[in-house]
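Scroll down for the structure; my scribbles are underneath it.
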Amino acid sequence: AKPRKMRNPSAFLFYATRAPSLRPSAPFSLMRESSPRNGGGASAAESKTPPTYFDLVEWNKAMRDESSEWILTKFEESGEFFRPRDLSMAAKSVAKRERRKVRDDPRLGRLAEACQFKARDFIAQELADVAWSFAATGAGDESLFQCLAGEVPRVAKDFSMRQLGNVAWAFGTASVRDERALDALALTLNRKLEAAEEDVAPLVLANVAWAFARLRIDPPEGTFEAIAKAAAKRASDFRPGSLSNLVWAYSYAPHAPAELYSAILPVVERRLDSFGDHDLGNMVLVFATMASSTTASSTTCTTADEKEKLDGAAVTSFFETIARRNRPPSPTSDPKAVANLAWAFAETGVSFPALHETAASLADLKALSEDQLAKLAWADATVNSSDSSGDLVERIAAEVPERISRFTPTALTRVAWAAATKKGVAVTRRRFWQKVAARACKRISDFDTTELATVAWSFATAGVAVPHLFRHLAEQALKRLDLFDDHSLDTLLWSFAKYGVRDVDLLEAATAALLAKKTTMNKTTKPRTLWALAMLQAPRSATLDALLEKQAEEDNTTPRDRATVAWSFAALGRRDLFRRVFSEASLASEDPPSGSGSGSGQLYVAAAAAGVECPELHEAFLAREVIPSYDLRHDLVEAAPPWPAVRTDDGLDLDFACQDTKRALLVLPPSAWNRDLERNLTPTGATQLTLDLLRDRGWRVATVSQADVTVKRARRPTDDIRHILQAKLDALDEQINE
């Protein structure tokens, strides 16, 4: 066979010197192998008569009216003679008529190959047309777009506004992350906006902003600001799809321009009926995120300071207008829009019952992404928190284990919080909690401080036993304790106390961190934080004493909070601070401590231990009705000591007690114990207060865990349980003798 004939040697040399990925493997029909059909050894180009200049002009004109089949057939027959303008016209005409219908046509692939081969000869308009065409049809491969991106800096200054927007959209659609090309587009746009050279189409502004946001590329300084300024002036000229893309793009911008959102909100509100479910879902998702003062949602990189600049009243009015329209999306046509809208309305707190009913009826959960699943669960738990049935959350929890590897830390946090809020899920979805715990442990370093606290709260509230997760949470909290705000630190400590996990290092570090604050604790979180330190029995130290002294100086807002703070002082061994907070006369009118779980009973025990007498509390404590959760003596079978149950003069109930010798044995439930990271047991603050009061009254008390001695829990033979109980009593006798 004769050597292949090169019609454009300079172009061949150009591509021969570039990266292999940019060189076509077989440059369209120019490089075809010879075949018997065209004369055996002769190439296809030599066997054909080249068209005249006038033929090419006629073909170019005909492409505007002829069908895609005619265009692709003509290229197949004479593509080696096509000029750059003919290639761009062919690609553009096919894309306009067929879009993705011809994506798999091999002739379109050869057309893309030819465009790549002649990319160096394209002028600005031709390059823009080719980029837009192959992005629209989806037929261009990565090498074509990388080749076109390499030519953008050469022709960027010649782009019109429309061409510039088309190229930006094409690169965003084809995921072309070429910073040099996109920077050239942004600089050209900035220059045109500053010089006001031509009218700016809203679509161009939306496409450029959208491309940078989708590709996660930071544009040159001032680009987003210039686009926002121009878009705010022409907000009413945007089409719904373009406006939705623009708003979505700015959710990923370094700054959220309140001026732009203030101009857009009234426009959207007036033209609400023209927005489709998908576009409206994207819009409300962004506005809800921007208006939120919390950092729970990490779908954007916009700072909290910038979010606060958005007019909350305007956003609320916008959402109320949507709710009054009372037209939620169909759950079958667009489930993603339903999920986005449900989360947005739950986040802003605007009531839309019809929407949440639609969300609850979603059947195709597999169509939702992991982030949307988590948002939908969070929204349902937020709006329907009083309904513990949790049918929607239950179905989402069933979906999570199979897709757990694709859940981000934020999505994990949301779905765990929702499942914990719907307490019924904790009972039926044990596998869900195990998978969430395993995934959280694997990505624990990627959680922010709020997410760490929320995950701890979720597992503590659900009551699912996963000690290894709390070990990882404690390690991460120690590393980043200075980043916790009052609410997050309070939630974290409360969760450890509720779960009964005692980490001495974490308690000491948290105590020092709280003391280091210039002001006293937040009045909302202070009672729960002190309660958690008391329940976990924070180690006595000068730091702890200084912290308690500092907090005793601050007045509390409600009687309930005062009761909780005072109880915490008593449980931490500072009875003097207890007496300082309460007088004997004020104790009777106080509400039960919040979070202590034992109500006025624990308050009475604290008062009695501190030497403060209160007849009203004493009478109420004695009159309480005690309902045992099970028959302890029956559970212990024959291993129980031959002692009766006794109620002391203070009203404290002893499981087994000998009045003559004042010896007692308490079999305590799991909630009465803390466990360190090595699973060693120590009494909680409430338990320790009770033991201290008994010892002050002359009792000698031995304690044992139900899990160690009861037949049903320990699954041990009766003789083994008897030996354990006898060992506890023998140790008690030795203490008495000493």
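Do the conditions hold for Arg191, that is, is it touching a Lys or Arg at 6+ places or on another chain (Cβ under 9 Å), free of Cβ contacts under 8 Å to residues at least 40 places away in the same chain, under 22 Å from Ser251 (Cβ atoms) and open to solvent by 10 Å² or more (accessible area, probe 1.4 Å)? Step through it out loud before you land on a result.
Numbers: touching a Lys or Arg at 6+ places or on another chain (Cβ under 9 Å): yes; free of Cβ contacts under 8 Å to residues at least 40 places away in the same chain: yes; under 22 Å from Ser251 (Cβ atoms): no; open to solvent by 10 Å² or more (accessible area, probe 1.4 Å): yes.
No.
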Subject >> Single unsatisfied condition, Leu368 versus (1) of a type outside the set (Phe, Trp, Tyr); (2) free of Cβ contacts under 8 Å to residues at least 60 places away in the same chain; (3) touching a Leu at 6+ places or on another chain (Cβ under 9 Å); (4) within 21 Å of His487 (Cα to Cα) >> reply: (4)
Subject >> Condition broken by Val464, with the remaining ones in (1) open to solvent by less than 20 Å² (accessible area, probe 1.4 Å); (2) in a helix (DSSP H, G or I); (3) under 22 Å from Asn674 (Cα atoms); (4) β-branched (Val, Ile, Thr) satisfied >> reply: (2)
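Quick one: in segment 325-348, which of the residues that are of a type in the set (S, T, N, Q) and surrounded by fewer than 23 Cβ atoms within 10 Å (Cβ to Cβ) is modelled with the highest pLDDT?
Going through the qualifying residues, I end up with Thr348.
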Original post:
Just one of Leu483, Leu452 is buried (at least 22 other Cβ atoms within 10 Å of the Cβ) and under 29 Å from Ala344 (Cβ atoms); which is it?
Top reply: Leu452
Original post:
Counting only residues that are acidic (Asp, Glu) and surrounded by 17 or more Cβ atoms within 10 Å (Cβ to Cβ), how many does segment 138-165 have?
Top reply: 1
**OP:** Could you please let me know if Asp591 is more than 25 Å from Lys498 (Cβ to Cβ), touching a Lys or Arg at 6+ places or on another chain (Cβ under 9 Å), modelled with pLDDT under 80 and open to solvent by 50 Å² or more (accessible area, probe 1.4 Å)?
**Re:** no
Subject >> Those residues of segment 237-262 which are of a type outside the set (S, T, N, Q), surrounded by fewer than 23 Cβ atoms within 10 Å (Cβ to Cβ) and over 13 Å from Phe287 (Cβ atoms), in sequence order >> reply: Asp237, Arg239, Pro240, Gly241, Tyr252, Pro254, His255, Pro257, Glu259
Original post:
Among the residues of segment 349-372, which ones are hydroxyl-bearing (Ser, Thr, Tyr) and either open to solvent by less than 40 Å² (accessible area, probe 1.4 Å) or in a helix (DSSP H, G or I) (or both)?
Top reply: Thr358
Subject >> Residue identified as within 20 Å of Phe122 (Cβ to Cβ) and out of contact with any helix residue (DSSP H, G or I) (no Cβ under 8 Å at 6 or more places or on another chain) among Arg180, Arg216, Arg154 >> reply: Arg154
Original post:
Tell me, which strands (runs of 3 or more DSSP E) lie completely within segment 650-738 with 1 or more residues that are farther than 26 Å from Arg502 by Cα, of a type in the set (Gly, Ala, Ser) and modelled with pLDDT of 80 or more?
Top reply: 656-658, 663-668
Subject >> Which listed residue is of a type outside the set (Ser, Thr, Tyr), open to solvent by less than 50 Å² (accessible area, probe 1.4 Å) and free of Cβ contacts under 8 Å to residues at least 24 places away in the same chain, from Lys61, Lys101, Lys74, Lys118 >> reply: Lys74
Original post:
Which of the residues belonging to segment 288-319 are at pLDDT 80 or above and either crowded, with 20+ Cβ neighbours inside 10 Å or on the phi > 0 side of the Ramachandran plot (or both)?
Top reply: Ala288, Phe318, Phe319
**OP:** Please give the number of the condition Ser160 fails out of (1) within 18 Å of Leu87 (Cβ to Cβ); (2) of a type in the set (Ser, Thr, Tyr); (3) at pLDDT 90 or above.
**Re:** (1)
Subject >> Qualifying position, being modelled with pLDDT under 90, under 32 Å from the mean Cα position of the chain (by Cα) and open to solvent by 30 Å² or more (accessible area, probe 1.4 Å), among Glu225, Glu198, Glu179 >> reply: Glu225
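The values are calculated or read from the model by the stated rules, or taken from the named source; none is laboratory data. Predicted, not measured: the structure shown is a model, and the values here were computed from it. Note that each Cβ is placed from the backbone with ideal geometry, even for glycine, and that neighbours are counted across all protein chains shown. These accessible areas exclude ligands, DNA and RNA; they are computed on the full protein's heavy atoms, side chains included. Shrake-Rupley method; radii C 1.70, N 1.55, O 1.52, S 1.80 Å.
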